[in-house]
Amino acid sequence: MGAARDSQKTKATVIQAAGELFAISGFSGVTARQVASKAGVSLGAIPYHFGSMEKLYDEVLITAVKISEEAQPLAEQALAAAPAEGLRLAIQWMIKDYSAQKVAWPLKLIEREAIDPSASFRKVLKRHYLPEFDWLCEVISRASGKSKDSDSVRFGTISMHLLTSTFMTHRRLLEDFAPRVVENVRESESFVEMIAHVTLDAVTRYEQAYPTIN
């Protein structure tokens with residue numbers, strides 16, 4: 001039992017150390033020796049616990065996109081709630097997930113991968129992000145009354161995600177050129193309500209702009 005806990009602790013330590021290095025230098029710019037040194041473990045710990053640097057990178061990416069435990073209950077409640085309330089719960093879920101981030105490297109690594117996605121990241125997207133995207137589409141479909149598979153709902157989902165994530169992850173930058181806007185959206189209930197309206201408006205406007213292909 002103790003050995004298993006020690007093994008999990010070592011793996012978590014290595015993942016955190018590797019995540020910080022990968023976020024700065026990318027997969028090709030980091031060596032196993034650098035990871036081991038930063039994590040304070042032997043060089044052999046990496047092949048022992050992960051098999052290879054490629055598999056370690058997969059584990060780091062999975063950790064980076066993993067939903068926080070604080071946010072998870074909201075995801076479970078959203079589809080069980082009434083449509084309008086479900087949409088608000090989904091937005092709260094996103095806010096809480098970003099707010100729960102205690103370290104910066106996951107967001108930095110995801111931004112790096114977003115610019116030039118690796119095969120590993122695309123694999124993680126399909127396995128972890130796609131189910132979440134589908135779930136958000138279902139939430140927005142119920143709130144808008146439009147088909148979950150429609151492009152208008154997908155556009156609304158993308159709009160909601162981008163707007164919410166931008167405010168949550170770029171707050172300090174936004175304060176430099178829109179301080180009052182950032183200050184005003186600090187009140188979570190008003191912010192959630194505004195994002196909900198923008199999301200549904202995005203669905204409607206996409207349908208109006210592309211009526212024949214939606």
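Every number here is computed from the coordinates shown, using simple stated rules; none is lab data. A quick note: this is a predicted structure, and the numbers were derived from the prediction, not measured. When we count neighbours, we look across all protein chains shown, and the Cβ atoms used for this are built from the backbone with ideal geometry, even at glycine.
Here S28, S159, S165 are placed in order of increasing Cβ neighbour count within 10 Å, fewest first, which gives S28, S165, S159.
Placing R0 at 30 angstrom, the Cβ-Cβ distance between F177 and Y129 gives a FRET efficiency of 0.50 after rounding to 0.05.
Could you work out the relative contact order of the range 89-163, using alpha carbon pairs under 8 angstrom and six or more residues apart, expressed as a whole percent? After rounding, I find 26 percent.
Using only Cα atoms, tell me the angle between helix 151-169 and the longest principal axis of the chain; keep it within 0 to 90° and round to the nearest 10. Helix 151-169 sits at roughly 60 degrees to that axis.
State the Cα centre-to-centre distance between the range 15-88 and the range 120-177 in whole Å. Spelled out, the Cα-based centre of one part sits 20 Å from the other. Dividing the summed -39500 (n - 2.57) terms of all DSSP H runs of n ≥ 4 by the residue count of the chain sets its mean residue ellipticity at 222 nm at -23500 deg cm²/dmol. Set against the labelled values [x] 11.4; [y] 12.8; [z] 14.3, mean projected area of the Cα convex hull in nm² computed from this structure falls on [z]. Exposure proxy ranking for M160, M194, based on other Cβ atoms within 10 angstrom of each Cβ and starting from the fewest, stands as M194, M160.
As a proxy for reagent exposure, ranking T63, T164, T199 by other Cβ atoms within 10 Å from fewest up yields T63, T164, T199.
My understanding is that a pair violates if its Cα-Cα distance is over 20 Å; which of K126/K146; K123/K146; K55/K96; K11/K55; K55/K126 do that in this structure? The pairs that break the limit, which is 20 Å between Cα atoms, are K126/K146; K123/K146; K55/K96.
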